[in-house]
Structures are given as C-alpha cells and as structure tokens.
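All of the numbers you see were taken from the coordinates with simple rules; none came from a lab. All figures in this text were calculated on a predicted structure; none of them were measured in a lab. As a convention, Cβ positions derive from the backbone with ideal geometry for all residues, glycine included, and neighbour counts pool all protein chains shown.
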Amino acid sequence: MMAVLEHLGLGLAVAFTLQNILFCFIGCLIGTLVGVLPGVGPVATISILLPVTLSLDPTGALIMLAGIYYGAQYGGSTTAILVNIPGEATAVVTAIDGHEMAKKGQAGLALGLAAIGSFIAGTVATVVIAALATPMTRLGLLFGPAEYFSLMIMGLVLAVVLAHGSLVKALAMIVAGVLLSCVGADMETGRERMTFDIYMLSDGIEFTVLAMGIFGFGEIFKNLADPEKRDVMRNRIGRLLPTLRELRENFGAILRGTGLGSVLGVLPGNGAILAPFASYALEKRLSDRPQDFGSGVPQAVSGPESANNAGAQTSFIPLLTLGIPPNAVMALMVGAMMIQGIVPGPQVIQNSPDLFWGLVASMWIGNLMLVVINLPLIGLWVKLLKVPYRLLFPAIVAFCCIGLFSISNDGAQVIMAGIMGLVGFALYKLQFEPAPLALGFVLGRLLEEKLRQALIISDGGMGTFVTSPLSAALLLIALGALAVAVLPSMRKSREEIFTEA
Amino acid sequence: MTQGPETIQVDLPAHEPAQPLPPLSSPWLGRERLAGLSLIGLGLFALYASADLPFASESGVGSGLLPRALALILIALGFVQIAVTWSDKPESTGRWPVRDMLPVLIGVFLFAITIRGYQFGTFEIPALGMAVATPLATFLSGLAAKDMRIGELVVFSVILTVVCIGLFRYALGLSLPVAPWLIGY
C-alpha cells in the first residue's frame, strides 16, 4: 500500500508539471470534441495525430493521447444523452435511458450523474492501475515466448466471447485480421507474402492506415448510406447537479459499475466494451422496478457510464505491464511508444518510471479536468452538435488524408486507406464488427513472432505450449471461455445482456 | 466544483429512426449468406495468394504456414456461418450508395496523386502540395452530401485548407509540401 502511494506521488509530481498539465488538457479537449462529433472517433483522431507526437517528449505525448481516449468516452455520452446518437460505441447503453431522461427534461441530471460517476470511476481505476502495475509487471517478466503466445490466444478468444452479436462472425473477423497482418515481408526470411508485387504492400499494411480507412473513411461511407436525420427540436437541459438524495440513490450503481468496469477492462481482449452492457444488466436485475428500465432510470445512466470509464482506464493495464494492446486505441498507443523508442512491456515500469507513473497519475488529473470541461461548458458542446454533417465529413476526409500522407510522405498510403474504407463499409453492410478485425491485425505479427521463437526454443515441439504451467493455464482459460460461450444456456444469457440493453 | 447554470435553453437536433430496408433483390442471397460466402471467397483468395510460400523453415514455421492455416479456418467459418443462419429469414443488406461514395473516393485519390505528384507512364502530375490537394479532397467529398450547397462548400474548402496548412505545417511542424510550385516547399 505504501509503495502504491509512493508511486502515485512520483506520478503526480511528473504529471503536475505545467507542460504535462497542458498536454493532458489538450488531450481531454480534443477527446471530448471527437466524442461529441459524430463520425469521428478516438481511433481515427489518434491515428491522425500520431506523426505529430514525434516532436513531443514521450511522457507528454502519451499523456495527450490517453486524454483523447478517455475524453472521447465522456464526449460520447453527451451526444448519447442529448440526441440519442452514441458518439462512441460504448455509449450505446447510455443512450437508452439517458435520452429518455432528456425527453423528460432531465438531460442535465443525466449529464451530471454521468460526469460524477465517471469521475468516481476514474479515481478508483487510477488506484487499481497503481496497485496492479507492480504485480502484473512481475508476472510479465516470467513470460517467455510460449506464454506470450498463449496469452495472446486467450486475449483473442476473449475478444470473440465479449464481442457483440454472432460468435462465428467475430471469430472470422479475428482470423481475417491475423491474415491481413501476414501481408508484406515475412519478418524472419524477408520474403514477400501475398503482395502480388504491388509496392505499396511490400512493407505490409500500416495499422494507422487500416484504422483510418475502416474507422475514418468507413464511418463516412456508412453515414452517407444511412444518414441520421437530425431535425431541430426545442429542449431543456435542466439542472446539472444532482441533489444529495439522488446522489445517494445512484451511489451503489456507480460503485458497482466501477467495479465491473475495472475488472473487465483488465482482461486482454477488450473487456471494457462489455462493461456498460454488464452494468446495465446488473442494475436492472437489482432494481425494485426493472420494468421502468428503458424509460429514463437514473441508475441505468450512472452505472454504465461509470463502468465505461473505469474499463477505458484499466484497459491500459495489459498494454503497460505486458505489452499486449487490448483494443485498437491501445494498439495506437503501442505505435506512439515505438515512435519514441520505448518498447511496451514489463520493462517500461523499471526503465522509465517517470513515464509510467506520470501517465497513470495524469489519468486522474484528466478525469478532474473532464468534469470541468463537460459540465459548465455543456452549452458549447451542444452548439457543436449543430455543425452540419455536410461540412463535417469533408473536413474529416481532409484531416485523414493529411494524416495518412504524413505517416511516410507517401500518397500510396492515402489510396490504401481509401480501399480500406470500402472494406469497412462492406463489413458494416454484412454486419461484421470491425473491432475484432483490428485486434487480430494488431496481435497478428506479434503472435507469429512469438510462435516462431517458442518453437525455436523447444526445437519444434508443439508440447511447449502445454508443458509450461503458465501457458497451459492461459490456454485452458481460453478454451473454457470458448466452451462456455457456445453452451446453449450461456449463449442465451449472453444475447440477453446485449439485447436487453 | 463549479456550479453549472440552472437551466440552459437550446435547440437540439432530434434523432429519427432509420428508413425501412428495401426489399430483397434476390430471395435466396440474404445478408447472412452473403457474409458466409464472402468469408469463403476471402479464404480461397488467400490460399491462391499464398500458394507459392513454403510451409516449413528453419524454425519450423514457414512463411506459408500461418496464412494458409488461417485461410482454411476462414473457409470453414464461412460454411459454419451459412449453416447456422440457414433457417433464418433472409434479410437485405440495404442500400449500397455507390454513387454517393464515388465523389469521396475520387477526392481521396486526387489528394494522393497531387500532393507530391505522380507519374503515369509518360503523363506526369507535378507536386502540387497541400494548397491544391486539400481543397480538392474537401470539395469533391463534400459533393457527396445530399444537402450540399455549392457556394458554402467552396468557401469552406478554402478556409479548411488555410487552417490545415497553418495547423499541420506551421503549428505542428510536419514537413508537408505546401505549394512547391509557388513557394518552393
């Protein structure tokens, strides 16, 4: 416990420098902005800004990018409540009861509870990260190639189990993602694979190109195909701050949401995305009047919002301690760290404690800033919602093009992302989720590398994955999760969690 | 914490439900079966693309092992996908607005070939830089919107170009070509 406080103290000292506070603020502001604006999310934004971070110092760069990520979670819930358009995928749950509250003239209360819940969740999650960092890092140091391989397999399986909708489709997306990552020069032999001698494929597909294509251009195509009509309607926001009684009534939901989010976020395989759904289902089960859910229950906003924010933050744990990104945003963080010459993994905490603890502490400061950015300035964000989409998306196209070009000063990347945008649109039309594809792509190269290393060490014996107890345990968990997910009874309750919400 | 204002009166855009799906063009080929067929197609294509790669190498895992194994899994998943959704009522995939997407794609393509120039055989496009590529991409993609207003879009493209050059080249210091034909970089 003392060590945790000591580490947080070090982190606060780093994060409280004028420069880092400024980066944190800029990150939170950009994050809120892209969270509020429909059609542009943190993945596309961080991709665009990645080349820019090259000229910053590593700590400041990571603090800013992290701020964009959790800031977007805040901003996404604002649009979910006010206009029933979830700005971010994780705000889908908030939109249900949050927007009903807004219709009843309680938009302010919903926003206030969401902000307070998120702040409490952010504070707890910061402590959770600080407490788990050292033991997780120790665990990470025990990992050899075989264990890493099994851990990634577990992460990918969990990503399938936790994904929305069809298991088969989620599994197919993961496999397709890993397959896409094979395109380009083979790391071991340098031999070109599946490139058809096209020069823009010879170095493989850049992850930022895939991300901006699918999450940037793809979103635009999707919105052009199925436009969301937004007509002007008069509405009152109402008071923002809850009364003490309302706060007391929601306190349980906030704490339960925080707990759920913190636990699910740590899982390698993007558990954070499930957190708001799980919290909604839990609150509905615990409620005296479950039939009211869906018609504007405050607990159905405060719980999932807390879960969302806690999960977003604890999903940094697998990245920072094991070097395994659990989702697309974290994969971009890997990119940002690599640009700065830092290899993510258990050694980060020892080699650059300033960066590690500074980043952790900045998350708490960022959460505090977000309360201030969001509540008093809500009028400003509402005005932004009125920016017409016909002007918004050409701007997104322009930003993406510039970001893509600046990756390697090469126009070919821009064209490739355009093609990826078409792929993303096809995925949307066929109801494939792009998130597992991105995760499979990210882990694909690492997976093959570790597989090869493990087999070299074991002289080609596949047994190495089950004779190491740690590796065997991880594979067993993966197998168990998959088995449980395909059981008829579990499949039913899994569907219930997603459809109820 | 700062106390927010008691009430704010605002105009909010309201959200309307999506339009109903158009009828199925083919009574057999619904969305789910199409998804399965796409997986099989992708798997077959990957098998073809990786056909020349060796299975084994010094480490035991050759360049071709993973791609081919994954391709086979994809094909299998495609069949599973078709099988598990066989009895479902086929649903349409909705509108494929190719004509709406085309201006965006052309805009992106033109950005890619004009920003630093490109050579098609004997025909050469000079490096035109951000000053030309950005308004081209913005204007063309803006044409895709149904409620597009041409005057507004022109003005917006110009303003956005100035903002982008100021932001990315001067404020953030990226070495992007601005207008090589005019100012040399």
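In this simple spin-label model, placing a label point 7 Å from the Cα along the Cα-to-Cβ direction at both A:Arg445 and A:Glu246 gives a separation of 4.9 nm. For a Förster distance of 22 Å, can you work out the FRET efficiency between the beta-carbons of B:Ala51 and A:Ile456, rounded to the nearest 0.05? Efficiency, rounded to the nearest 0.05: 0.25. Fewest-first ordering of B:Phe123, B:Phe156, B:Phe45 by other beta carbons within 10 Å of each residue's beta carbon gives B:Phe123, B:Phe45, B:Phe156. Per residue, chain A reaches -23500 deg cm²/dmol at 222 nm when only DSSP H runs of four or more residues are counted, each adding -39500 (n - 2.57). Peptide A:146-153 is shielded by partner chain Cβ atoms: per residue, an average of 0 of them sit within 10 Å of its Cβ. Sequentially through the stretch A:185-193, phi angles give Karplus couplings (6.51, -1.76, 1.60; θ = phi - 60°) of 5, 5, 5, 7, 9, x, 6, 6, 10 Hz, Gly and Pro residues having no value and appearing as x. In this structure, the residue pairs whose Cα-Cα separation is over 29 Å, taken from B:Lys89/B:Lys146; A:Lys284/A:Lys429; A:Lys104/A:Lys386; A:Lys103/A:Lys284; A:Lys104/A:Lys284, are B:Lys89/B:Lys146; A:Lys284/A:Lys429. Remark: chain A carries a charge dipole of roughly 1300 debye about the Cα centre, counting +1 on each Lys and Arg Cβ and -1 on each Asp and Glu Cβ. In this structure the amide hydrogen of A:Glu192, modeled in the peptide plane, comes within under 5 Å of the amide hydrogens of A:Asp186, none closer than 5 places in sequence on its chain.
Candidates A:Gln73, A:Asn270, A:Leu404 compared by Cα position along the dipole of chain A: farthest toward the positive end lies A:Gln73, with charges placed on Cβ. Per-residue 3J(HN,Hα) values for the stretch B:99-111, derived from phi via the Karplus relation 6.51 cos²θ - 1.76 cosθ + 1.60 with θ = phi - 60°, read 5, 6, 7, 4, x, 4, 5, 5, x, 5, 5, 5, 4 Hz in sequence order (x marks Gly and Pro). The local environment of A:Gly296, defined by Cβ-Cβ distances under 15 Å, has a net charge of -2 under the rule Lys, Arg +1 and Asp, Glu -1. Just check chain A against the gyration tensor rule for me: Cα atoms, a ≥ b ≥ c as the square roots of the eigenvalues, rounded for a/c under 1.5, and otherwise prolate or oblate depending on whether a/b exceeds b/c. Rounded shape, in that the Cα axes give a/c under 1.5.
Taking other Cβ within 10 Å of each residue's Cβ, how do B:Asp88, A:Asp57, A:Asp186 sort, fewest first? Write down the numbers at each step before the final one.
Values: B:Asp88 11, A:Asp57 14, A:Asp186 20.
With the fewest neighbours first, B:Asp88, A:Asp57, A:Asp186 line up as B:Asp88, A:Asp57, A:Asp186.
Rounded, prolate or oblate: pick one for the stretch B:96-182, where a ≥ b ≥ c are the square roots of the eigenvalues of its C-alpha gyration tensor, a/c under 1.5 means rounded, and failing that, prolate if a/b is larger than b/c, else oblate. List each step's numbers first, then the result.
Working: a/c = 2.29, a/b = 1.22, b/c = 1.88.
The shape class here is oblate.
The phi torsions of the stretch A:351-361, fed into the Karplus equation with coefficients 6.51, -1.76 and 1.60 and a -60° offset, translate into couplings of 6, 9, x, 4, 5, 4, 6, x, 5, 4, 5 Hz, rounded to whole numbers, with Gly and Pro shown as x.
Computed as a quarter of the hull surface, the mean projected area of the alpha carbon convex hull for chain B stands at 22.7 nm².
Return A:Tyr280, A:Tyr199 ranked ascending by Cβ neighbour count within 10 Å, so the fewest neighbours appear first.
Working: A:Tyr280 30, A:Tyr199 9.
Listed from fewest to most nearby Cβ atoms, that is A:Tyr199, A:Tyr280.
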